[in-house]
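Peer 1: Here you go, one structure.
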């Protein structure tokens, strides 16, 4: 049973593309960034390469979803956003 007073981590009034864009940007900065610095500090090319690859994937995902979000905003797709559960939310 769900607790109706409990705040959700994922906002219920934002499109999926917004949520994915923000999460991927944060993951790139907060996860991949430190991995890159760790690899550079320890001078281990494999760790640094993994961090760079992860950073590229996160930034690419964020950019694609941000473009999709921007196109949807220009078209007016998100004007009447309502609170919905994640599965039923707009892209």
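Peer 1: If one takes the longest principal axis of the Cα atoms in the chain, at what angle in degrees, from 0 to 90 and to the nearest 10, does the Cα axis of helix 33-42 lie?
Peer 2: For helix 33-42, the angle is close to 10 degrees.
Peer 1: In deg cm²/dmol and to the nearest 500, what is the mean residue ellipticity at 222 nm of the chain if only DSSP H runs of at least 4 residues count, each as -39500 (n - 2.57), divided by the residue total?
Peer 2: Computed ellipticity for the chain at 222 nm equals -19500 deg cm²/dmol.
Peer 1: Would you mind ranking 53, 61 so that the residue whose beta carbon has the fewest other beta carbons within 10 Å leads the list?
Peer 2: Least to most surrounded, the residues fall as 53, 61.
Peer 1: Just round it to a whole percent: the fraction of Cα-Cα distances in region 20-72 exceeding 14 Å.
Peer 2: Pairs farther apart than 14 Å: 51 percent.
Peer 1: Test of understanding: express the Cα radius of gyration of the chain as a ratio to 2.2 N^0.38 Å, with N the residue count.
Peer 2: 1.39
Values quoted throughout were computed directly from the atomic coordinates according to the rules given, and no laboratory measurement underlies them. These figures come from a predicted structure and were not determined experimentally. For neighbour counting, all protein chains shown are included, and Cβ atoms are generated from backbone atoms with ideal geometry for every residue, glycine included.
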